[in-house]
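The values are calculated or read from the model by the stated rules, or taken from the named source; none is laboratory data. A quick note: this is a predicted structure, and the numbers were derived from the prediction, not measured. Here the Cβ positions follow ideal geometry from the backbone for every residue, glycine too, while neighbour counts run over all protein chains shown. Heavy atoms of the whole protein, side chains included, go into the accessibility calculation; ligands, DNA and RNA do not. Shrake-Rupley method; radii C 1.70, N 1.55, O 1.52, S 1.80 Å.
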Amino acid sequence: MKTKFNFAKEIIREAGAFVKSHMIQELDIEEKTRFDDLVTNLDKATQDLVIGKIKQAYPDDHIMAEENGVYHPVSDGHVWVLDPIDGTVNFIVQRDHFAIMLSYYEDGVGQFGLIYDVMGDTLYSGGGQFDVYANDKKLQPYQDVLLNRSLIGCNAMMFADDYHGIKELVQQSLGVRIYGGAGISMAYVLSGQLLAYFSHIQPWDYAAAKVMGEKLGYVLLTIDGKEPDFKTRQKVMFVPKAKLATIQQYLKP
């Protein structure tokens, strides 16, 4: 497993370098489901690069990825889960605040995850049998912090719509932070900069953070407290397991 983990760290950094070297070029931008659900030629090229590396090294492994309908259930065999550019709108508009995410599952059990903040050059990696690091800094398991001394991360529309009464929860904290990318937001949870994160996301958006979070005392669940299905876009929360009951007190059914 260590060989596979080191391989993953190598190819995700290679993918980051690929994105950086091509992002100055004019992008081909397409709309997927609506005007703010975008994909670029560089998303697709980065996905092709990473899948090619995986298939060359591990030809019998399977892939679940965001673009071009690449889907294999994580419950079936050895499966890599890839989001080639998470935070595509940030990438297009800001050229910053986006991540590459990769994780590896065996028969539904997460073995390790990686979130690479490309422009910040910070790689969050670990989970399963591996300690979680941000580059060379080992991240510590969650240590209790008062809700009123914490910040909450949230999807903009969920906060605006007060989904499940989330504003009441935020009002008990020091405030809300909206970064526009699941990977960056959940990395901030892992590193203690946010207490929790709420969003409406796909499996490739949460697979890596879920593995790392479990190592550090966090859980990724649907808003109603169930395990995510790894099949559809769902409204989820990424929260400390020790704070779950407290947080649920403020969320309306």
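So the values come out like this:
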| quantity | calculated |
| --- | --- |
| Residue match in region 11-19 (condition: surrounded by fewer than 15 Cβ atoms within 10 Å (Cβ to Cβ) and either aliphatic (A, V, I, L, M) or without any contact (Cβ under 8 Å) to a residue 24 or more places away in the chain (or both)) | yes |
| Hits in region 63-79 (condition: closer than 16 Å to residue 229 by Cα and either open to solvent by less than 60 Å² (accessible area, probe 1.4 Å) or touching a residue at least 12 places away in the same chain (Cβ under 8 Å) (or both)) | 64, 65, 66, 72, 73, 74, 75, 76, 79 |
| Scan of region 142-162 for residues that are open to solvent by 70 Å² or more (accessible area, probe 1.4 Å) and of a type outside the set (Lys, Arg), ordered by number | 143, 144, 146, 148, 157, 161 |
| Residue match in region 88-100 (condition: closer than 30 Å to residue 26 by Cα, in the same structural domain as residue 30 (by the TED database) and assigned to a strand (DSSP E or B)) | yes |
| Restricting region 200-225 to residues that are open to solvent by 30 Å² or more (accessible area, probe 1.4 Å) and in a helix (DSSP H, G or I), the residue that is farthest from residue 164 (Cα to Cα) | 215 |
| Count of region 27-62 residues which are at pLDDT 95 or above and either surrounded by fewer than 11 Cβ atoms within 10 Å (Cβ to Cβ) or in the same structural domain as residue 156 (by the TED database) (or both) | 3 |
| Checklist (1) out of contact with any Phe, Trp or Tyr (no Cβ under 9 Å at 6 or more places or on another chain); (2) of a type outside the set (Lys, Arg); (3) open to solvent by 40 Å² or more (accessible area, probe 1.4 Å); (4) not in a loop (DSSP other than H, G, I, E, B) applied to residue 174, failing item | (4) |
| Members of region 133-157 found to be touching a helix residue (DSSP H, G or I) at 6+ places or on another chain (Cβ under 7 Å) and either assigned to a loop (DSSP other than H, G, I, E, B) or farther than 16 Å from residue 248 by Cα (or both), listed by number | 139, 141, 142, 144 |
